[in-house]
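Everything on this sheet refers to the single structure shown next.
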Amino acid sequence: MNFFEDEQDWKWLFKNGIDWKTILPLYYQSYPTEEGFEKPEDVISFMEEILNSTGAWTGGAVSQRAEKLDQNGAGQVVDGRTIPGPELSALYKEAAELQVIGLPIPPEFGGLGIPTTILMFLLAQLSRACLSQSTQLAFFTSIAEMVHRFCDHETAQRIIPKIIAGELSGSMNLTEPGCGSDLGMIKTTAIKREDGKYLLNGSKIFITNGGGGVGFVLARIKGAAEGLAGISMFLCEQDIPEKDGPNYIVAKNEHKMGMHGSFTTEVVYENSVASLVGVEGEGFKYMLHLMNEARIAVGFQALGTIEGAISYAVKYANERQQFGKPIAELPLMKRNLEDFTTERDALRALLTDTVSHFDIFQKLDLKKKKTNDLSKEEQVLFKEASLWVRKRTPLVKYYACEAATNLSQRAIQVLGGYGFMHEYPVERFHRDSFGPLLYEGTSQIQALMALKDIIKYAMKDPKRFFSNVFIKHPGINLLGGNSAYEKKLKNSQYRFKKKMIGLIIKTLKPETSNNLFNAKAWATEENIDKLMIHAETLCQGLSYLETLRVLSEHAQKDSSRSELFNRYYTLITPRLEAIYTDWEVRT
Ligand SMILES: Cc1cc2nc3c(=O)[nH]c(=O)nc-3n(C[C@H](O)[C@H](O)[C@H](O)COP(=O)(O)OP(=O)(O)OC[C@H]3O[C@@H](n4cnc5c(N)ncnc54)[C@H](O)[C@@H]3O)c2cc1C
């Protein structure tokens with residue numbers, strides 16, 4: 001099967017769900033381009049061709065080796081290094097031959113220089129076949145992107161072509177035994193040498209692809225402040241001219257419940273030579289920035305997992321006969337399958353819309369960093385895209401990853417007893433789905449990020465925040481000729497906002513009424529704690545409404561999308577009502 005060509009929905013989204021009109025001029029300022037494109041349509045056809053060929057590859061060879069990789073594991077740890085097994089080695093070779101490593105990296109370093117959106121679509125395709133392979137390959141391109149963004153030209157020229165050739169990859173090394181979500185507790189130290197290099201000491205755990213060769217490491221320079229402000233970022237390579245053996249040691253590869261085909265390692269630094277990246281004390285800020293992309297990428301991975309599990313379940317349900325007919329035709333099963341496919345298709349639309357904003361944000365952000373020269377028009381675009389990315393990132397990470405675990409569990413149930421057996425791939429999808437739930441910030445951390453933004457917005461000007469809901473009643477627009485989709489969307493948004501404001505008032509309202517419009521009086525620690533217990537339900541509600549917003553826009557563009565809008569509206573309306581009940585009962 002071809003995961004792109006045979007999927008009408010992906011093709012529709014590729015053509016209609018991405019703002020190519022805004023994105024392409026950011027990549028190609030004039031035509032013909034250096035790459036030989038005569039017009040924007042040529043770029044679009046080229047990207048479509050890439051997705052067709054990666055769709056065939058992921059639906060073929062990548063899918064075929066998934067089970068074996070799951071059984072055999074990623075490879076070995078020998079003398080402080082990771083040695084990929086035959087399955088991963090084959091993956092790297094094929095990826096390099098297909099030139100899919102470094103899709104968004106500029107051609108001067110050997111990449112194709114095409115929009116990041118295509119990389120994200122590829123991640124979904126890979127994850128539909130096998131989450132482990134998707135993860136391992138992600139640590140080629142993402143490391144090349146980091147080197148391009150943060151390192152000097154000489155380092156970039158030395159490292160990136162090797163990554164694109166499939167010979168080198170890397171890792172992001174944050175987590176330690178004593179700190180995961182709370183990175184302010186990082187203990188790994190860095191001491192400056194006379195030649196300006198640093199020596200790292202400490203250990204990192206759960207590091208994906210820790211033996212790839214190039215590590216971006218968070219550490220604290222001796223004497224730096226406690227907490228996040230004292231953290232810096234370092235580039236640490238495993239092979240350096242001044243050492244015969246490895247510059248850092250991979251101590252072990254973890255035994256996990258899933259993602260067996262991905263290395264999850266402990267990395268030990270003992271006077272490991274490293275270079276400071278950027279400015280001292282800015283390490284956490286750099287990582288946060290990178291996490292935007294990583295979290296959206298993990299959302300695409302989760303989507304791929306859902307696609308793999310649900311497409312298998314639907315196929316099975318159409319073939320499996322019980323009570324004289326395919327189980328897909330039994331009323332309860334029919335309803336369930338419709339719900340599963342609705343949520344899958346809706347998430348695909350949400351993620352596509354999000355990466356469209358992200359592509360604009362990312363390209364302009366890089367331009368700003370490299371040239372500090374954005375035109376007025378670009379500044380406006382950048383501001384708008386930044387707001388979307390900030391709002392959507394925790395939502396897509398939270399929603400897609402939670403849905404991947406829920407829906408892959410439901411897929412097992414569709415297969416009955418067979419779903420529990422290793423011969424069928426759905427149990428692998430479910431075991432693997434827990435990885436994305438945890439890495440790049442757990443679901444709870446995403447929910448808290450989303451809540452923090454709401455509180456920040458509300459506290460900036462409580463009077464305006466609270467009065468908005470009454471001024472913006474959707475009834476005001478009812479005579480304005482809005483489409484049926486927009487009316488449903490606006491009513492749902494209005495009801496959510498009203499309920500959310502009720503919740504905020506109930507939890508944060510100061511005791512005395514003369515403090516009512518004093519932002520500080522609202523944000524006491526005790527009251528914020530009371531609101532925090534609702535972070536996940538708030539995040540769920542926001543995710544549903546953002547998805548509905550995207551589906552409404554799509555339905556207005558093309559009436560063939562109206563069915564998906566209506567099905568999703570039916571799916572989430574009772575879920576939203578359950579959230580409101582929860583808020584009433586638990587405050
Ligand atoms: C397969 C896999 C790959 C990974 N790859 C990498 C990698 O490449 N690089 C890397 O640096 N790390 C990696 N990690 C580590 C991962 O990022 C951490 O496991 C994760 O950030 C959580 O940290 P922790 O395990 O220490 O859990 P903790 O931070 O101890 O959290 C435990 C529980 O407490 C919850 N919690 C924490 N804070 C709050 C709060 N304020 N409010 C409510 N609940 C809270 C969490 O949601 C979680 O449920 C990987 C992990 C896995 C499983």
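The values are calculated or read from the model by the stated rules, or taken from the named source; none is laboratory data. Values in this document were obtained by computation on a predicted structure and should not be read as measured data. A quick note on method: Cβ atoms are made from the backbone with ideal geometry, for glycine too, and the neighbour counts reach across all protein chains shown. To get the accessible areas, we keep the full protein, side chains included, count just its heavy atoms, and leave off ligands, DNA and RNA. Shrake-Rupley method; radii C 1.70, N 1.55, O 1.52, S 1.80 Å.
What the table below lists for this structure:
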{"quantity": "Peptide ranges 89-99, 285-295 listed from the most packed, as the mean C-beta count within 10 angstrom indicates", "calculated": "285-295, 89-99"}
{"quantity": "Overall dimensions of the chain as given by Cα atoms, namely Rg and Dmax in Å", "calculated": "24.5, 80"}
{"quantity": "For the range 1-167, alpha-carbon Rg and Dmax in angstrom", "calculated": "16.8, 52"}
{"quantity": "Segments 5-15, 167-177 sorted - mean Cβ within 10 Å per residue, highest first", "calculated": "167-177, 5-15"}
{"quantity": "Cα-derived Rg to Rh of the range 283-441, Kirkwood definition", "calculated": "1.13"}
{"quantity": "Pairs of lysines in the range 1-106 (C-alpha under 27 Å apart; 8 or more residues apart or interchain)", "calculated": "5"}
{"quantity": "Overall form of the range 169-281 per C-alpha gyration tensor (a/c, 1.5; a/b vs b/c)", "calculated": "oblate"}
{"quantity": "Accessible solvent surface per residue of the range 169-281, calculated while the other protein chains remain in place, 1.4 angstrom probe, Å²", "calculated": "41"}
{"quantity": "Proximal aspartates and glutamates to Lys252, defined as alpha-carbon separation beneath 15 angstrom and excluding residues fewer than eight positions away on the same chain", "calculated": "Asp79, Glu176, Glu266"}
{"quantity": "Antiparallel content of DSSP bridges confined to the chain, in %, to 5", "calculated": "85"}
{"quantity": "Within the accessible area of the chain (1.4 Å probe), percent carbon and sulfur", "calculated": "54"}
{"quantity": "Three-way shape call for the range 454-585 based on the alpha-carbon gyration tensor, with the a/c threshold at 1.5", "calculated": "prolate"}
{"quantity": "Solvent-accessible area per residue for the range 454-585 (1.4 angstrom probe, square angstrom)", "calculated": "54"}
{"quantity": "Over the chain, relative contact order from alpha-carbon pairs under 8 Å, at least 6 apart, %", "calculated": "12"}
{"quantity": "Relative contact order (percent, whole number), the range 1-167, Cα cutoff 8 Å, 6+ residue spacing", "calculated": "22"}
{"quantity": "Ile579 accessible area, 1.4 Å probe, all protein chains in place, Å² to nearest 10", "calculated": "10"}
{"quantity": "Aspartates and glutamates with Cα under 17 Å of Lys363, excluding same-chain neighbours fewer than 8 positions away", "calculated": "Asp19, Glu108, Glu145, Glu293, Asp353, Asp373, Glu377, Glu378, Glu384"}
{"quantity": "Across Lys334/Lys497; Lys460/Lys509; Lys187/Lys368, pairs whose alpha-carbon gap is larger than 24 Å", "calculated": "Lys334/Lys497; Lys187/Lys368"}
{"quantity": "Residues of the range 1-105: accessible area per residue with a 1.4 Å probe, Å²", "calculated": "48"}
{"quantity": "Distance between modelled label sites at Gln413 and Asp244, nm, 7 Å Cα→Cβ extension", "calculated": "6.1"}
